[in-house]
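To start, the structure itself, in structure tokens.
The values are calculated or read from the model by the stated rules, or taken from the named source; none is laboratory data. In this text, all values refer to a predicted model and were calculated from it rather than measured experimentally. Note that we place each Cβ from the backbone using ideal geometry, even for glycine, and neighbour counts take in every protein chain shown.
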Amino acid sequence: MKKLLLFLVIFLIGVITAYNILNQPKEKKLPVINPVDLKKELVDPSLLLERKGYGHTIGDFSFVNQNGDTITHEEIQNKVFVAEYFFTTCSSICPIMNKQMRRIDSVYGRNEDFKILSFTVHPEVDTVEQLKRYAEKHHAGPNWHFLTGNKSDLYSLARKSFFVLKPAEAENIGDAGSDFIHTNNFVLVDKKRRIRGYYDGTRSSSIDSLITDIQLLLREE
């Protein structure tokens, strides 16, 4: 009788354990975002013409940061990172965005597997010295790079890699006098240089989600 009771107790414990394991909430899985997943007007037409709708990764680049150091795509090799496009003299959305970016930097800024890349859209004004002052004003950590360089290279990366162009801005492509990118999007990129999410850099709730999603990618193999 005692053996039967012991067997029933062990069996019941096993059933409860198995139930709990099988019914644990599954960890959120972030999508891999490709050009075909986005609105057509957000994607550089050449990518669609070349049928590069799938298997997208962030392209190679080389720019200079606020310390005068050359930062290339090697900086984000096997790293999770967040990218934004901004300019230092912006008085509308950029101050709000970089206040939110400071939140991200305060959580992950010391993690060597994470980077922040802030690309200027106004390199004519945003020199290394200007970016240095801006970075110091925002108490940027060592893994937060404010980047400047050739305007056409900056804009090409925005359009062909990060897809942050607004539909209305697409009309100005090729018009040197009117061409300007002004986006509130933060782009989350994984260790394989794949886009995994877009977030509104002016909304605290969206950045709350981004902070959580960064941790998911840091744990992802």
Strands (runs of 3 or more DSSP E) within the stretch 37-111 that include 1 or more residues loosely packed, with under 13 Cβ neighbours inside 10 Å: 70-72
Quick one: how many residues across the stretch 91-107 are touching a residue at least 60 places away in the same chain (Cβ under 8 Å) and out of contact with any Gly (no Cβ under 9 Å at 6 or more places or on another chain)? 3
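Does any residue of the stretch 47-55 turn out to be touching a strand residue (DSSP E or B) at 6+ places or on another chain (Cβ under 8 Å) and of a type outside the set (Phe, Trp, Tyr)?
Step one: list which residues in the stretch 47-55 are touching a strand residue (DSSP E or B) at 6+ places or on another chain (Cβ under 8 Å), which gives none.
Scanning the stretch 47-55 turns up no residue that is touching a strand residue (DSSP E or B) at 6+ places or on another chain (Cβ under 8 Å) and of a type outside the set (Phe, Trp, Tyr).
Looking at this structure, is Thr70 more than 15 Å from Leu157 (Cα to Cα) and without any contact (Cβ under 8 Å) to a residue 12 or more places away in the chain? Talk me through it step by step, then tell me what you get.
Working: more than 15 Å from Leu157 (Cα to Cα): yes; without any contact (Cβ under 8 Å) to a residue 12 or more places away in the chain: yes.
Judged against the criteria, Thr70 is a match.
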So Phe87 passes all but one of these: (1) within 18 Å of Ala158 (Cβ to Cβ); (2) in contact with a helix residue (DSSP H, G or I) (Cβ under 6 Å, 6 or more places away or on another chain). Which condition number does it fail? (2)
Please find, within the stretch 121-133, the residue that is surrounded by the most Cβ atoms within 10 Å (Cβ to Cβ) out of those that are out of contact with any helix residue (DSSP H, G or I) (no Cβ under 8 Å at 6 or more places or on another chain) and in contact (Cβ under 8 Å) with a residue 60 or more places away in the chain. Leu131
Might you check whether a residue that is modelled with pLDDT under 95, outside any helix (DSSP H, G or I), over 12 Å from the mean Cα position of the chain (by Cα) and closer than 18 Å to Val43 by Cβ occurs anywhere in the stretch 153-165? yes
Number of the exception - Ser118 against (1) surrounded by fewer than 22 Cβ atoms within 10 Å (Cβ to Cβ); (2) at pLDDT 95 or above; (3) polar (S, T, N, Q); (4) on the phi < 0 side of the Ramachandran plot: (1)
May I ask you to say which residue of Ser62, Ser106, Ser46 is modelled with pLDDT of 95 or more and over 18 Å from Leu131 (Cα atoms)? Ser106
